[in-house]
1. Which of (1) closer than 12 Å to Y65 by Cα; (2) at pLDDT below 70 is the odd one out, the single condition K40 does not satisfy?
2. For L91, indicate whether it is in a helix (DSSP H, G or I), within 16 Å of ligand 2 (Cβ to nearest atom), modelled with pLDDT of 85 or more and outside the structural domain of G206 (by TED's automatic domain parsing).
3. Which of (1) among the hydroxyl-bearing types (S, T, Y); (2) part of a helix (DSSP H, G or I); (3) surrounded by 17 or more Cβ atoms within 10 Å (Cβ to Cβ) does S48 not meet, given it meets every other one?
4. Looking at (1) in contact with a Ser or Thr (Cβ under 9 Å, 6 or more places away or on another chain); (2) in a helix (DSSP H, G or I), which is the only condition Y65 fails?
5. Picking from I162, I124, I155, I139, which residue would you name as being within 16 Å of ligand 2 (Cβ to nearest atom) and in contact with a helix residue (DSSP H, G or I) (Cβ under 6 Å, 6 or more places away or on another chain)?
6. With K244, K224 as the choices, which residue is of a type outside the set (S, T, Y) and farther than 29 Å from L66 by Cβ?
7. Helices (runs of 4 or more DSSP H) wholly in region 157-247 with at least 3 residues that are surrounded by fewer than 16 Cβ atoms within 10 Å (Cβ to Cβ) - which ones?
Amino acid sequence: MKHADLLVARRRGFGGKNSEAGTLFLRRTFRGTSSTEVRKEIILSSTSSKVPHGVLAYIRKNNLYLCSACSWLRKNMSRARFAHSFKAAKLAAKIGAEIGMDSSQAAAAALLHDAARDLPLRRIVSLTAPLRIPLKKEIIRREPLLLHSYASAVIAEKRFGIRDREILDAIRYHSAVSTGMRLLDKVVFIADFYEPGRKTGKIKIGRVNKSNFNNLFARTLKRKIEYFKRRGMWIHPETVKLWKENM
Ligand SMILES: [Fe+2]
Ligand SMILES: [Fe+2]
């Protein structure tokens, strides 16, 4: 950066002065768009009306913004699971935008949250072999499919090069939810439950905003626990602990 000047195009409604050395602001303002919007569009549709053709070609050629992820997911997931992930990504992006967080981050995490879900169970367990997971032996004995979220995070990191810890955590904890969940973890958890293609998605999510978000999360957690109970499934003790904290 020592050897470069930054030429900055302002977006309408955003300020900025020639205050920093090496930064020059263009006089006019430009059409409102944002890198978050572009990333979100490309993650959800592999295209964007907001960038020139050459830029889009470069993004595709270099597999930026998860361009290669969709084809891998299509090959390694059932059609229904792919549709579920895609709808969850759309919903997560929408919720993310409503509560003022990076919607492209939410879309990426939700798109990949079930990456390993349709792999053979042996493969899921082997992907998680190097990981230290609390109560791992008990999970394997009682509800081994819970490990698919950890395996999905491994795929996101190793295959798609995701380095964003928040995205990886949101993928990792969507099935074995636990205390200390952060905003993105909760967004993915909610989108996974309410995406409209799911049976549980018949329950309408309603309007989401910053003030009702935590209530929505608590309600979703309660519904998920009820679902586990109805199916006679083992529930991770951390999930029970979180539920009690949110009652
Ligand atoms: Fe899952
Ligand atoms: Fe899911």
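The values are calculated or read from the model by the stated rules, or taken from the named source; none is laboratory data. Only a predicted model underlies this, so the values are computations on that prediction, with no experimental measurement involved. Backbone-built Cβ (ideal geometry, glycine too); neighbour counts: all protein chains shown.
1. K40 satisfies all of (1) closer than 12 Å to Y65 by Cα; (2) at pLDDT below 70 except (2).
2. Numbers: in a helix (DSSP H, G or I): yes; within 16 Å of ligand 2 (Cβ to nearest atom): yes; modelled with pLDDT of 85 or more: yes; outside the structural domain of G206 (by TED's automatic domain parsing): no.
For L91, the condition - in a helix (DSSP H, G or I), within 16 Å of ligand 2 (Cβ to nearest atom), modelled with pLDDT of 85 or more and outside the structural domain of G206 (by TED's automatic domain parsing) - is not met.
3. (2)
4. Going through (1) in contact with a Ser or Thr (Cβ under 9 Å, 6 or more places away or on another chain); (2) in a helix (DSSP H, G or I) one by one, Y65 breaks only (2).
5. On the way: I162 fails: within 16 Å of ligand 2 (Cβ to nearest atom); I155 fails: in contact with a helix residue (DSSP H, G or I) (Cβ under 6 Å, 6 or more places away or on another chain); I139 fails: within 16 Å of ligand 2 (Cβ to nearest atom).
Step by step, each of I162, I124, I155, I139 is checked, and only I124 is within 16 Å of ligand 2 (Cβ to nearest atom) and in contact with a helix residue (DSSP H, G or I) (Cβ under 6 Å, 6 or more places away or on another chain).
6. Working: K224 fails: farther than 29 Å from L66 by Cβ.
After ruling out the rest, the residue left standing is K244.
7. Numbers: elements: 165-172, 183-194, 213-230, 237-246.
The qualifying helices (runs of 4 or more DSSP H) are 213-230, 237-246.
Listed here are the residues, each with its yes/no results for (1) of a type outside the set (G, A, S); (2) closer than 18 Å to P237 by Cα; (3) modelled with pLDDT under 95; (4) under 20 Å from the mean Cα position of the chain (by Cα).
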residue	(1), (2), (3), (4)
A116	no, no, no, yes
R122	yes, no, no, no
R132	yes, yes, yes, no
H148	yes, yes, no, yes
